[in-house]
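Every read-out reported here was derived from the displayed coordinates using simple, explicitly stated rules and does not represent laboratory data. Fair warning: this is a prediction, and the values are worked out from it, not measured in the lab. So basically every Cβ, Gly included, is an ideal-geometry build from the backbone, and we count neighbours across all protein chains shown.
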Amino acid sequence: MVKLEKITKDNLEQVLALDILEEQRNYVSSTAHSLAQAWVYKDTAFPFAVYSDGSLVGFVMLGYYEQKKQYTLWKLLIDKQYQNKGYGRAALKLAIEYLKDRFHVTEVFTGVAFGNDVAKHLYQSVGFVETGDVDDFQLEMKLCIDG
């Protein structure tokens, strides 16, 4: 069973040790970089460790983008040894549920880097669609949530 847990002093080092495949490094920030952003944006960033049956398998960070007044999937990383096992999709669904339950959101936004077809397919598999907006080097996607 996959679940999201807060990052604490007890799991911080494990979260920092999460790693991805070499070919993914252009698409995914390190957990150290992500946690630094979470600290700076501590009022609007919501980082979580992703666990499956007691094992740390990944990291997800949600956020509120104040300038656009949007809730976002900011980061999603599954450790290289746990990829292609459904953990990313499960973590994504839990993250969406968290935003829905805590903030009563009706839409969630994310960006996907050009060329990151794996992430784009994952996001599409849970209902994200392209908005047509391009920002920096990524394509914006949006998920509309039924009440």
Failed criterion for Asp146 (all others in (1) outside any loop (DSSP other than H, G, I, E, B); (2) surrounded by fewer than 18 Cβ atoms within 10 Å (Cβ to Cβ) hold): (1)
Filter result for the condition that a residue is out of contact with any Phe, Trp or Tyr (no Cβ under 8 Å at 6 or more places or on another chain), closer than 17 Å to Asp19 by Cα and among the hydrophobic types (A, V, I, L, M, F, W, C), over Leu76, Leu35: Leu35
